[in-house]
1. Do any GluC sites (Glu not before Pro) in segment 21-90 lie in a loop, going by DSSP, with at most 13 other beta-carbon atoms within 10 Å of their beta carbon, and if so which?
2. Between GLU91 and ASP261, what FRET efficiency comes out of the Förster formula 1/(1 + (r/R0)^6) with R0 = 41 Å and r the beta carbon distance, rounded to 0.05?
3. Do the sum for the chain: with -39,500 (n - 2.57) for every DSSP H run of n ≥ 4, divided by all residues, what is the mean residue ellipticity at 222 nm, to the nearest 500 deg cm²/dmol?
4. Expected output is a single nm value to one decimal: the length gained when fully extending between THR243 and ALA108, i.e. 0.36 nm times separation in residues minus the C-alpha distance. What is it?
5. For segment 100-128 and segment 17-70, what is the centre-to-centre distance using only Cα atoms, to the nearest Å?
6. Going 7 Å from the Cα of ALA214 toward and past its Cβ, which residues in segment 42-72 have a backbone nitrogen under 18 Å from where you end up?
7. Average projected area of the Cα convex hull of segment 4-143, in nm²?
8. Roughly how many percent of the accessible protein surface of the chain is carbon and sulfur, given a 1.4 Å probe and a whole-percent answer?
Amino acid sequence: MTANAAPGFDELPVPLALGSTFFHPAIEQVRKFADAVEDPDGWRVGDPSEGLVHPLFLATYVWFPSGFLRRAPGEAGHFELFRERYPHLVEVPFLHAGSAARFHRPFALGRPVRAEVTLVARDRRRGRDFIVMRGAFSDADGNALAEFEHACAIRGNGAPRTDVRAAAPRPSAPVAAEPGTVLPPRRIEMTLEKSRRFSLPGENHHTDDRLAQALGARVAIPAATMSFAYLSRFAQDLFGEDTWISRGRLDATFTRMLQRDDVLEVGGHRRGDVLDLRIVNGRDETVAVATASLF
């Protein structure tokens, strides 16, 4: 590689700082995402007068501005920071393969939130290039809010398959364990209306059948971040809101694409303070596996 040449995928240094960005979350945006995944509290926590919001909301900034109603100057999502620097390494479709989170505390509406974004891993598997981006969020006083690691396939070998995301690199993938106590499952109807509420105002493969079919999918593909929200809520209901927000760890792999109008079941087993979770669709296919625990 010459001094002026753009680096190839195999030449990307890891770790690599992608930059920092400030976000200004609005209550309308929080409610939009929360309502789409049927969160009864709207991702609000504590005394409503304090304007505190669950740090899970910050996971949506991986694809910002997709799904957001407005954008303030200077705001940029994790993937956008990577694509701006290395556009020659990104092809359509790019896919969300997995996410991991550690929660520390809620954030307050009306105050800026800062994200430091770093490329922490890269890998090539089954003809696809994967990256893992870490977003470390803090508030205006420097208090840690949450850390997320998002694995994405940035280019590959043609149209997406329903199981393409299973090969993503993940620093701390869920480990199979002996079954513990069976957890009562939760049923979720994955409607196109919910997917559109989550991902609009921009039409894309999450919101429109024809756009999804242009990428090789059968019907509209709801965002994998919705699965992450369902898994987080399931774990929170077992661990308790305060404990989950301050000590929760969620590590998920999205093994198959969601499809609109599918019926999902979230369930799993509990081994002490560890939950082995799974989301299964109406065809008895596993679409996500996860480990939820406390740190």
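1. The qualifying sites are GLU38.
2. Efficiency at R0 = 41 Å is approximately 0.90.
3. That comes out to -5000 deg cm²/dmol.
4. Numbers: separation 135, 0.36 × 135 = 48.60 nm, distance 1.80 nm.
Between THR243 and ALA108, full extension yields an extra 46.8 nm.
5. Here the answer is 14 Å between Cα centres.
6. Taking a point 7 Å out along Cα→Cβ of ALA214, the residues of segment 42-72 whose backbone N falls under 18 Å are 66-67.
7. Values: hull surface 39.7 nm².
Averaging across all directions leaves 9.9 nm² for the Cα convex hull.
8. Numbers: 6330 of 12810 Å².
Within the chain, the accessible surface is 49 percent carbon and sulfur.
The values are calculated or read from the model by the stated rules, or taken from the named source; none is laboratory data. The shown structure was predicted, so the numbers you read here are calculated from the model rather than taken from an experiment. Neighbour counts are summed over all protein chains in view; Cβ atoms, including those assigned to glycine, are modelled from backbone coordinates with ideal geometry. The protein model used for the area step is the full one, side chains on, heavy atoms only, and it has no ligands, DNA or RNA in it. Shrake-Rupley method; radii C 1.70, N 1.55, O 1.52, S 1.80 Å.
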